[in-house]
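Here is the structure we will look at.
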Amino acid sequence: MLLHLSMTKKSGIFGLIQITHTIPAWWNRYNGAAAIRISKDFKNLYVTNRGYNSVAVFEIHEHGYLKLIQNVECGGDFPRDLKFSLDDRFALVANQKSDNLSVFKRQKASGLLELVNNNFKVPEPTAIVALK
């Protein structure tokens, strides 16, 4: 579940805007959201799901409302982190329990992800840090 909050500038108090789910309603086993990332164009929000082993992709609508448009398998087990390439054309997902990184191509127009490769072996990756 993803709680969407906003804060008023005057009072500094948070208010609930929307509650949305990052996994299907039928999933009744463990799931924990990990990385939450927004694309550079502010059109999409991405959430990794540890347990359901996926990346939930949302469109960001007017006033920040979210609409789930995709829930794609992460290409591994227990996705901990997600980072975009500098041009936002690719997304990397660190899968901790399967010891691998998955590479996704990101469609700029829609924000949808397509798995390109998940054969990059890395022992227990938990974070991805970009070096410039």
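The values are calculated or read from the model by the stated rules, or taken from the named source; none is laboratory data. Quick caveat: nothing in here was measured; it's all calculated off a predicted structure. Ideal geometry is used to build each Cβ from the backbone, glycine not excepted, and the neighbour counts take in all protein chains shown. For the accessible areas, the whole protein counts, side chains as well, though only heavy atoms, and no ligand, DNA or RNA atoms are used. Shrake-Rupley method; radii C 1.70, N 1.55, O 1.52, S 1.80 Å.
Roll a 1.4 angstrom probe over the protein heavy atoms and tell me the percent of accessible area of the chain that is carbon or sulfur.
Details: 4650 of 8130 Å².
C and S fraction of accessible area: 57 percent.
What whole-number value in Å² describes the accessible area per residue of segment 11-63 for a 1.4 Å probe?
Details: 3080 Å² over 53 residues.
Using a 1.4 Å probe on heavy atoms only, each residue of segment 11-63 averages 58 Å².
Quote the convex hull volume per residue of the chain, based on C-alpha atoms, as a whole number of Å³. Don't jump to the answer; show the numbers that get you there.
Values: hull volume 16.6 nm³, N = 132.
Output value, Cα hull per residue: 126 Å³.
Could you please report the charge total around residue 51, scoring K, R as +1 and D, E as -1 over all other residues with beta-carbon less than 14 angstrom from its beta-carbon? If you can, show how the numbers build up before the last one.
Working: positive: 29, 50, 80, 97; negative: 73, 77.
Local charge sum for residue 51: +2.
Any idea how far the Cα center of segment 6-32 sits from the one of segment 51-65, in Å?
The distance from the Cα centre of segment 6-32 to that of segment 51-65 comes to 11 Å.
For labels at residue 77 and residue 38 in the simple 7 Å Cα→Cβ model, what's the distance in nm?
Between residue 77 and residue 38, the label points sit 3.5 nm apart.
Jot down the radius of gyration and Dmax of segment 41-88, Cα atoms only, both in angstrom.
11.6, 34
List the relative contact order of the chain as a percent without decimals, with contacts defined as Cα pairs under 8 Å and 6+ residues apart. Let's see the in-between values first.
Numbers: 316 pairs, mean separation 20.4, N = 132.
Worked out over the chain, it gives 15 percent.
Setting aside same-chain residues fewer than 8 positions from residue 67, which lysines have a Cα under 19 Å from its Cα?
40, 43, 108
Can you tell me the length gained on complete extension of the stretch residue 10 to residue 63, counting 0.36 nm per residue apart and subtracting the Cα distance? Show your work: numbers first, answer last.
Working: separation 53, 0.36 × 53 = 19.08 nm, distance 1.79 nm.
Taking residue 10 through residue 63 to full extension adds about 17.3 nm, to one decimal.
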